[in-house]
There are 2 protein chains.
Amino acid sequence: MAAGSGRRAGSPLPKQFHTLGGRTVFMHSVIRFLDDAPEVTVIVVCHPDFIQLVEKEMDGLGAAEWLVVPGGNSRPESVRNGINAIRTRLGTGKSALIAVHDAARPLVSALMIREGWHAAEEYLAAVPALPVTDSLRQLSEDGRSEALDRSRFVAVQTPQVFRADILLRAYDRPKGDLSLFTDDASLVEASGVPVALYPGSPENIKITHPRDFAIAEAILHEAEK
Amino acid sequence: MAAGSGRRAGSPLPKQFHTLGGRTVFMHSVIRFLDDAPEVTVIVVCHPDFIQLVEKEMDGLGAAEWLVVPGGNSRPESVRNGINAIRTRLGTGKSALIAVHDAARPLVSALMIREGWHAAEEYLAAVPALPVTDSLRQLSEDGRSEALDRSRFVAVQTPQVFRADILLRAYDRPKGDLSLFTDDASLVEASGVPVALYPGSPENIKITHPRDFAIAEAILHEAEK
């Protein structure tokens with residue numbers, strides 16, 4: 001998923017198309033997925049303005065199978081465009097798996113990718129989770145907030161991995177309805193399928209703020225040591 | 001609060017006594033608090049084994065007023081030791097404020113510190129909060145989990161700032177009881193005082209994993225640009 005429009009301060013280019021450690025941000029995860037399993041088909045969903053840029057980068061990959069698909073007006077619509085491309089252009093066997101991954105998480109590890117595929121094979125739907133390290137408070141409508149026991153919560157990352165038929169069915173909803181869901185796991189759950197957790201990683205950060213680029217470079221550099 | 005025993009992998013030294021950007025981790029926040037308001041009294045709570053190390057570093061500060069206090073068996077007990085030292089050795093006027101800050105958050109900004117003091121002056125109890133960037137799931141006792149709407153939650157950092165009498169009263173509890181609370185805000189709230197939120201900062205990270213040192217160096221380096 002590279003369709004977001006989050007921009008680095010002072011730059012017209014969304015963050016997933018910036019350079020990180022000598023490589024475009026979105027290509028880091030593409031390459032990590034293909035390194036783990038060269039038979040994977042990569043579908044990059046991006047804003048129509050960036051299709052050419054993405055195709056040029058993907059061309060350099062050589063033999064791998066890939067598609068570039070235009071995004072929609074919201075993250076769930078973009079995911080749906082991606083999985084519709086699977087439905088119409090690739091077809092899926094009943095046992096095919098789909099991993100939905102944010103391009104803004106370029107540091108996903110081969111280990112996490114492998115655990116995601118395995119967990120989805122076993123449980124149909126699996127998302128990576130990490131303990132919450134900050135204390136949490138819940139906001140109430142009157143503008144107040146109250147403390148929560150953080151051990152009862154986990155933070156969820158991507159890749160979120162699903163058996164293809166499960167994910168396709170979960171997205172089979174009216175458009176307006178889709179925007180109620182912040183991630184694929186909650187959509188799948190709303191379709192009646194329970195979602196399993198597999199271990200996330202603290203290094204699998206989401207690049208959100210401009211300064212996260214420096215953080216990501218530091219993590220890359222540490223990993224190379 | 002520098003009493004934690006979290007250690008960097010392969011090192012016997014807790015993380016708050018490691019070096020970051022040429023300075024001991026805990027001294028970063030000490031200096032940032034004093035830079036903002038030189039009249040502040042700094043109380044460092046640490047394990048008895050490290051009192052000498054802390055005193056030696058604090059000696060180098062020159063004129064600032066400070067105390068080093070031995071920690072207890074848990075974070076709340078350590079905080080209580082710190083505020084008891086205020087009660088018995090310093091005394092507090094009714095309008096005195098206490099900021100409780102984790103030494104593992106060395107990158108707190110002068111701006112945040114100032115906003116914390118102001119918010120506590122106005123609201124009696126104030127903690128810095130940030131939107132949650134990862135999706136959240138709540139764990140249930142049967143081992144399952146369910147999606148939450150993350151916009152209803154905030155992640156809480158430190159410094160957590162309170163009018164002194166409010167914090168002293170909140171900690172006036174039996175020892176066994178204290179361990180139920182993960183932060184000062186929840187304790188204060190349990191004493192019947194509502195807690196206000198002020199803006200936290202994504203750079204104000206908590207050093208938790210060994211790799212966070214590289215991340216903190218990157219943030220320091222960016223901030224100096």
Can residue B:161 be described as in contact with a helix residue (DSSP H, G or I) (Cβ under 6 Å, 6 or more places away or on another chain), part of a strand (DSSP E or B) and within 9 Å of chain A (Cβ to nearest Cβ)?
no
If you go through A:97, A:124, A:148, A:139, the only one that is over 16 Å from residue A:200 (Cβ atoms) and touching a Ser or Thr at 6+ places or on another chain (Cβ under 7 Å) is A:139
Hits in region B:139-156 (condition: under 24 Å from the mean Cα position of the chain (by Cα) and either farther than 18 Å from residue A:180 by Cβ or more than 8 Å from every other protein chain (Cβ to nearest Cβ) (or both))
B:154, B:155, B:156
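Looking at region A:16-39, which of the residues that are of a type in the set (S, T, N, Q) and in a helix (DSSP H, G or I) is nearest to the chain's Cα centre (by Cα)? Steps first, please.
So the first thing to find is which residues in region A:16-39 are of a type in the set (S, T, N, Q), and the list is A:16, A:19, A:24, A:29.
Going one step further and asking which of them are in a helix (DSSP H, G or I), we end up with A:16, A:29.
On the way: A:16: 12, A:29: 9 Å.
It comes out as A:29.
On the given criteria, is residue B:61 open to solvent by 40 Å² or more (accessible area, probe 1.4 Å) and within 24 Å of residue B:204 (Cα to Cα)?
Yes; evaluated as a whole, the condition is true for this residue.
Considering only region A:154-163, I want to know if a residue exists there that is under 30 Å from residue B:211 (Cβ atoms), of a type in the set (Gly, Ala, Ser), touching a Pro at 6+ places or on another chain (Cβ under 7 Å) and buried (at least 17 other Cβ atoms within 10 Å of the Cβ).
Here is the first cut: in region A:154-163, the ones under 30 Å from residue B:211 (Cβ atoms) are A:154-162.
With of a type in the set (Gly, Ala, Ser) added as a condition, the list becomes A:155.
Restricting the remaining residues to those that are touching a Pro at 6+ places or on another chain (Cβ under 7 Å) gives none.
No: zero hits.
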Only one of (1) farther than 27 Å from residue A:205 by Cα; (2) within 8 Å of chain A (Cβ to nearest Cβ); (3) among the β-branched types (Val, Ile, Thr) does not apply to residue B:208, and that is (1)
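Residue-by-condition table, conditions (1) open to solvent by 20 Å² or more (accessible area, probe 1.4 Å); (2) farther than 23 Å from residue A:177 by Cβ:
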| residue | (1), (2) |
| --- | --- |
| A:51 | yes, yes |
| A:54 | no, yes |
| A:57 | yes, yes |
| A:70 | yes, no |
| A:75 | yes, no |
| A:78 | no, no |
| A:98 | no, no |
| A:104 | no, yes |
State whether one or more residues within region A:201-208 are open to solvent by less than 20 Å² (accessible area, probe 1.4 Å), more than 18 Å from residue A:28 (Cα to Cα) and among the polar types (S, T, N, Q).
no
Tally, over region A:165-180, of residues that are without any contact (Cβ under 8 Å) to a residue 40 or more places away in the chain, open to solvent by less than 50 Å² (accessible area, probe 1.4 Å) and of a type in the set (A, V, I, L, M, F, W, C):
1
Strands (runs of 3 or more DSSP E) within region A:40-138 that include 1 or more residues within 14 Å of chain B (Cβ to nearest Cβ), touching a residue at least 12 places away in the same chain (Cβ under 8 Å) and more than 16 Å from the chain's Cα centre (by Cα):
A:125-131
Answer yes or no as to whether residue B:182 is assigned to a loop (DSSP other than H, G, I, E, B), within 18 Å of residue A:137 (Cα to Cα) and within 11 Å of another protein chain (Cβ to nearest Cβ).
yes
Do you know which of the residues in region A:164-175 that are closer than 25 Å to residue B:133 by Cβ and assigned to a helix (DSSP H, G or I) is nearest to the chain's Cα centre (by Cα)?
A:167
Does residue A:132 meet the test of being crowded, with 18+ Cβ neighbours inside 10 Å, touching a Phe, Trp or Tyr at 6+ places or on another chain (Cβ under 9 Å) and closer than 27 Å to residue A:42 by Cα?
no
Find all pairs meeting these conditions: Cβ atoms under 6 angstrom apart; at least six residues apart or on different chains; first residue within region A:181-200 and without any contact (Cβ under 8 Å) to a residue 60 or more places away in the chain; second residue in a loop (DSSP other than H, G, I, E, B) and among the hydroxyl-bearing types (Ser, Thr, Tyr).
none
Which of the residues spanning region A:211-225 are open to solvent by less than 60 Å² (accessible area, probe 1.4 Å), more than 7 Å from chain B (Cβ to nearest Cβ) and acidic (Asp, Glu)?
A:212
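The values are calculated or read from the model by the stated rules, or taken from the named source; none is laboratory data. Predicted, not measured: the structure shown is a model, and the values here were computed from it. Neighbour counts run over all protein chains shown; Cβ positions are idealised from the backbone, glycine included. Only protein heavy atoms, including side chains, enter the accessible area calculation; ligands, DNA and RNA are left aside. Shrake-Rupley method; radii C 1.70, N 1.55, O 1.52, S 1.80 Å.
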